[in-house]
Amino acid sequence: MPSLGADMEAGKLIEWKIKPGDHVKRGDIVAEVETEKADIDVEIFSTGVVHELLVQPGQKVPVGTVLATIVGEGEQPSAAPAPPPVPERVRISPLAKKLAQELGVNIEGLPGTGPGGAITREDVEGAVQGKPASKPPAAAPAEAQAGMRRAIAAAMARSNREIPHYYLKMQIDIHRTLEWLQAENLKRTVKNRLLPAVALIRAVTCALKEVPDLNGYWVNDHLEIKESINVGFAISLRHGGLVTPAILDAGQKKVDQLMAALTDLIVRAREGHLRSSEISEGTITITNLGDLGVETVYGVIYPPQVALVGFGKIQERPWAANGMLGVRPVVTATLAGDHRATDGHRGAQFLSALDRFLQEPEKL
Amino acid sequence: MTENEVRERVFQVLHRIAPEANLNQLGPDQNLREALDIDSFDFLNVVVALNEKFGVEIPETDYRRVSTLKGMVEYFKS
C-alpha cells in the first residue's frame with residue numbers, strides 16, 4: 001500500500017486491474033485504492049509478471065503493506081508477509097451480524113456492499129455461497145467529504161506542528177504577461193487558449209531553477225533538493241474539499257504542455273482518477289485563490305515539502321514606475337517557506353526571480 | 001433560434017459544468033462564476049462548450065458580455 005501523502009495511514013483496496021500471470025511494466029495502473037481524500041489509481045514501479053495478489057478488494061491495510069508480488073522474467077518468487085489488518089470496527093448491519101453468527105461466517109475482511117462499506121445480509125449469504133466479492137461501492141458523498149476533512153486536518157496539523165513557517169509577499173505588475181497571453185490567445189482556437197494560471201506556474205518553475213532550495217523535501221533533519229520539479233496544484237472539488245495532485249516534471253514543460261497537463265489533471269481530479277505518483281511526488285505546491293477574489297494567500301506547507309507559493313486575485317491598481325503613475329494589473333505572490341530548509345534571503349531571491357520572469361513572458 | 005431554445009442550450013452547458021446547481025433558481029443578472037462557483041478553468045470549459053453548441057467563438061474581450069445568464073442568452077440570440 002503506497003503512501004499517497006503525509007496524511008495517509010491506511011488505504012482500502014477497491015479493485016485490482018491485474019491478475020496473476022499478467023505482464024506489467026513501470027507506470028502501469030494496477031489497482032484502485034480508496035484513501036481518506038480520494039480514490040487513487042495506483043501505479044507500479046517495477047517491471048515483471050504478477051505472481052500473487054495478497055490483498056482482496058474491500059480490505060483496508062496500513063501503508064507499507066505488500067499488496068501483490070511481482071517477479072522478473074525467469075525469477076523465482078519469494079514469500080511475502082501476509083497483510084496485517086487495520087484494527088477497526090467492522091461495519092455490519094445487526095441482521096447480517098446475527099446471520100453471520102448463525103452461519104459461522106467470519107466477517108473480518110468480508111467486503112461489504114452496504115452504505116459506507118457495511119456488510120449486509122446479502123454479503124453474508126454471498127460468502128456462504130462462495131460468490132466472488134464484487135467491487136465495493138464508493139463511500140457515500142457525506143462520508144467521503146468527512147474523510148477528506150480528516151485527511152486535510154491531519155496533514156495541516158502536522159505541518160503547523162513541525163514546520164516553522166516564514167512568509168514573504170510581493171506585489172507583481174503582471175501587465176506584460178497578460179498582454180502576451182492576450183496576443184497568444186488571439187492566435188488560438190477556444191480549445192487551445194491559455195489561462196493566466198499556466199503562465200504563473202511556468203514562471204514558478206523557471207524561478208525554482210534559479211533557487212532550487214525551495215524544491216524538495218525536509219527529511220531526517222536535512223533538505224533533500226529534488227531534481228524534478230513536480231508542481232502540486234491545489235484543485236477544489238465541486239462537492240467540497242481539496243486535492244493537490246502534481247504536474248510531474250513541470251520544470252520541463254512549456255506553457256502549452258503545462259496547459260494540457262493542468263487540464264488533464266483537473267478533469268481527472270474531479271472524476272476521481274488521479275494516479276498515485278501525482279499524489280505522492282509533488283515537490284512544491286501552488287495555491288491560486290484569485291478566482292475567489294482573495295488578495296493574499298498565506299498557505300500551509302504540505303510536508304515533507306518545504307515551500308508553497310500562493311497567488312491572489314489579479315487586480316487593477318495604481319502603480320508607480322519610472323517616475324510615472326499609471327494603472328496596472330497586479331498580482332500578490334506569497335511564499336510560505338520552511339525555515340529549517342531555507343531562510344528569508346533565499347525566499348526573497350525566489351520571489352525576485354518570479355517577478356523577473358513575469359516581466360519577460362516571451363521567454364516563458 | 002428562439003430565446004427559450006438558446007436558454008435551454010445554455011442550461012445544458014452549465015449543467016455539465018455545475019451538475020449540482022439548481023439552474024432554475026439562477027437570477028438573470030447574477031454573476032455566473034460567483035453563483036455557480038465556477039473557477040477560471042471551468043469558465044474556459046463553458047466557453048469551449050458554448051462554442052461547440054452554437055458554433056460561435058467567443059473572444060476573450062467578450063467574456064464580460066457572457067458573465068450572466070441574461071448576457072449569454074442575448075449574446076447567442078443575436
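With respect to residue A:86, determine if the residue is more than 27 Å from residue A:29 (Cβ to Cβ), open to solvent by less than 50 Å² (accessible area, probe 1.4 Å) and modelled with pLDDT under 75. The answer is no for residue A:86.
Figure legend. Inter-residue proximity from the range B:13-26: first residues farther than 17 Å from residue A:240 by Cβ, second residues charged (D, E, K, R) and open to solvent by 20 Å² or more (accessible area, probe 1.4 Å), beta-carbon distance below 8 Å, spacing 6+ or different chains. Indicated pairs: B:13/B:53.
The rows are residues; the columns are (1) in contact with a strand residue (DSSP E or B) (Cβ under 6 Å, 6 or more places away or on another chain); (2) not hydroxyl-bearing (Ser, Thr, Tyr).
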residue	(1), (2)
B:8	no, yes
B:11	no, yes
B:26	no, yes
B:29	yes, yes
B:37	no, yes
B:57	no, yes
B:62	no, yes
B:65	no, yes
B:68	no, no
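Annotation: of all residues in the range B:27-41 being open to solvent by less than 20 Å² (accessible area, probe 1.4 Å) and free of Cβ contacts under 8 Å to residues at least 24 places away in the same chain, the one that is nearest to the other protein chains (Cβ to nearest Cβ) is B:41. Once the range A:281-313 is narrowed to residues that are touching a helix residue (DSSP H, G or I) at 6+ places or on another chain (Cβ under 8 Å) and open to solvent by 60 Å² or more (accessible area, probe 1.4 Å), the residue that is farthest from the other protein chains (Cβ to nearest Cβ) is A:313.
Considering only the range A:217-239, state which residues are open to solvent by less than 30 Å² (accessible area, probe 1.4 Å) and either at pLDDT below 95 or of a type in the set (Gly, Ala, Ser) (or both). Of everything in the range A:217-239, those that are open to solvent by less than 30 Å² (accessible area, probe 1.4 Å) and either at pLDDT below 95 or of a type in the set (Gly, Ala, Ser) (or both) turn out to be A:232, A:233, A:234, A:235, A:237. When the range A:170-198 is filtered for residues that are buried (at least 17 other Cβ atoms within 10 Å of the Cβ), away from every other protein chain (no Cβ under 12 Å) and either of a type outside the set (A, V, I, L, M, F, W, C) or closer than 18 Å to residue A:261 by Cβ (or both), the ones remaining, listed by number, are A:171, A:173, A:175, A:177.
Condition check ((1) open to solvent by 30 Å² or more (accessible area, probe 1.4 Å); (2) modelled with pLDDT under 85; (3) in a helix (DSSP H, G or I); (4) not β-branched (Val, Ile, Thr)) across all residues:
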residue: A:8; (1), (2), (3), (4): no, yes, no, yes
residue: A:21; (1), (2), (3), (4): yes, no, no, yes
residue: A:42; (1), (2), (3), (4): no, no, no, no
residue: A:45; (1), (2), (3), (4): yes, yes, no, yes
residue: A:49; (1), (2), (3), (4): no, no, no, no
residue: A:55; (1), (2), (3), (4): no, no, no, no
residue: A:82; (1), (2), (3), (4): yes, yes, no, yes
residue: A:106; (1), (2), (3), (4): yes, yes, no, yes
residue: A:113; (1), (2), (3), (4): yes, yes, no, no
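The values are calculated or read from the model by the stated rules, or taken from the named source; none is laboratory data. As the structure is a prediction and not an experimental result, all values here were calculated from the model. Please note: Cβ atoms are built from the backbone with ideal geometry, for glycine as well, and neighbour counts cover all protein chains shown. Surface accessibility is based on the protein's heavy atoms, side chains included, excluding ligands, DNA and RNA. Shrake-Rupley method; radii C 1.70, N 1.55, O 1.52, S 1.80 Å.
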